[in-house]
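I have placed the structure first, in the form of structure tokens, so that the comments after it can refer back to it.
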């Protein structure tokens, strides 16, 4: 793994800048088997230069998220109230006929930026991403889509230094059981996301403020 550096419009993130994102968020009481899986991974991640996204307490979702899309045309500071309302309305309209679904995530895997849980089956998630992209394109134009998130996944934590992923993957494989969990997707969240460089950690940390919650279906 290598030190994770967030990007915006193809360039390194400016520390403290905020950008709108659409995420799926795991929820206590709904996705507890997923949160239990993440809790099992955390002591292993603590032995590596990875800043965990989970909260560190049982059934605490912390900053766990599945990225659906980034609104990359401008930082959120450049969105006024009317622009935000347009994005929310476009999402509500586009997702009104999208049915809720349950998918699975896992197994935990160390990668170049830390550790992740891949989403599989991914067909429903990919279809949701396409609908969200359609909505924000209609409200903001083509320049809003500038990033590819790759295969759908939930990040377990971002790396803040270089290290071999081989021993991490061996530990995750040998010590984490069960290795997969369900994720209920019945809503998405529009969030104002910030990445800030933490000098003490030597790496990037994220935080967010909620903007809107958009349910799937009518």
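The values are calculated or read from the model by the stated rules, or taken from the named source; none is laboratory data. Quantities reported herein were computed from a predicted structural model and do not represent experimental measurements. A quick note on method: Cβ atoms are made from the backbone with ideal geometry, for glycine too, and the neighbour counts reach across all protein chains shown.
Please tell me if residue 139 is surrounded by 16 or more Cβ atoms within 10 Å (Cβ to Cβ) and under 15 Å from the mean Cα position of the chain (by Cα).
No.
Within the stretch 1-31, how many residues turn out to be out of contact with any strand residue (DSSP E or B) (no Cβ under 9 Å at 6 or more places or on another chain) and over 25 Å from residue 95 (Cα atoms)?
5
Going by what's in this entry, would residue 171 be described as under 19 Å from residue 17 (Cβ atoms) and at pLDDT 95 or above? Give the derivation first.
Working: under 19 Å from residue 17 (Cβ atoms): no; at pLDDT 95 or above: yes.
Considered against the rule, which asks whether it is under 19 Å from residue 17 (Cβ atoms) and at pLDDT 95 or above, residue 171 comes out as no.
Output the residues belonging to the stretch 1-17 that are touching a residue at least 12 places away in the same chain (Cβ under 8 Å) and part of a strand (DSSP E or B).
Hits for the stretch 1-17 are 7, 8.
Can you name the residue in the stretch 70-82 that is farther than 21 Å from residue 125 by Cβ, touching a helix residue (DSSP H, G or I) at 6+ places or on another chain (Cβ under 9 Å) and touching a residue at least 40 places away in the same chain (Cβ under 8 Å) and, of all such residues, is surrounded by the most Cβ atoms within 10 Å (Cβ to Cβ)?
Selected residue: 79.
Would you mention how many residues in the stretch 149-173 are outside any strand (DSSP E or B) and under 13 Å from the mean Cα position of the chain (by Cα)?
Final tally of qualifying residues: 4.
When the residues of the stretch 67-88 are narrowed to those that are part of a helix (DSSP H, G or I) and under 22 Å from the mean Cα position of the chain (by Cα), which ends up nearest to residue 135 (Cα to Cα)?
87
Return the residues of the stretch 23-32 that are crowded, with 18+ Cβ neighbours inside 10 Å and in a loop (DSSP other than H, G, I, E, B); say none if nothing qualifies.
Of everything in the stretch 23-32, those that are crowded, with 18+ Cβ neighbours inside 10 Å and in a loop (DSSP other than H, G, I, E, B) turn out to be 25, 26, 31.
It is to be established whether one or more residues within the stretch 99-118 are more than 19 Å from the chain's Cα centre (by Cα) and either at pLDDT 95 or above or more than 28 Å from residue 32 (Cβ to Cβ) (or both).
Within the stretch 99-118 (the criterion being more than 19 Å from the chain's Cα centre (by Cα) and either at pLDDT 95 or above or more than 28 Å from residue 32 (Cβ to Cβ) (or both)), the answer is yes, since at least one residue qualifies.
Output yes when any residue across the stretch 40-56 is outside any loop (DSSP other than H, G, I, E, B), at positive phi and either over 17 Å from the mean Cα position of the chain (by Cα) or buried (at least 20 other Cβ atoms within 10 Å of the Cβ) (or both), and no when none is.
Scanning the stretch 40-56, I find no residue that is outside any loop (DSSP other than H, G, I, E, B), at positive phi and either over 17 Å from the mean Cα position of the chain (by Cα) or buried (at least 20 other Cβ atoms within 10 Å of the Cβ) (or both), so the answer is no.
Quick check on this structure: which one of 64, 20, 91, 35 is closer than 29 Å to residue 121 by Cβ, in contact (Cβ under 8 Å) with a residue 24 or more places away in the chain, touching a helix residue (DSSP H, G or I) at 6+ places or on another chain (Cβ under 7 Å) and in a helix (DSSP H, G or I)?
91
Out of the residues in the stretch 105-131 that are assigned to a strand (DSSP E or B) and free of Cβ contacts under 8 Å to residues at least 60 places away in the same chain, which is surrounded by the fewest Cβ atoms within 10 Å (Cβ to Cβ)? Please lay out each step first, then the result.
Applying the first criterion (assigned to a strand (DSSP E or B)) to the stretch 105-131 yields 105-111, 114-119.
Remaining after also requiring free of Cβ contacts under 8 Å to residues at least 60 places away in the same chain: 116, 118.
Working: 116: 22, 118: 18.
Going through the qualifying residues, I end up with 118.
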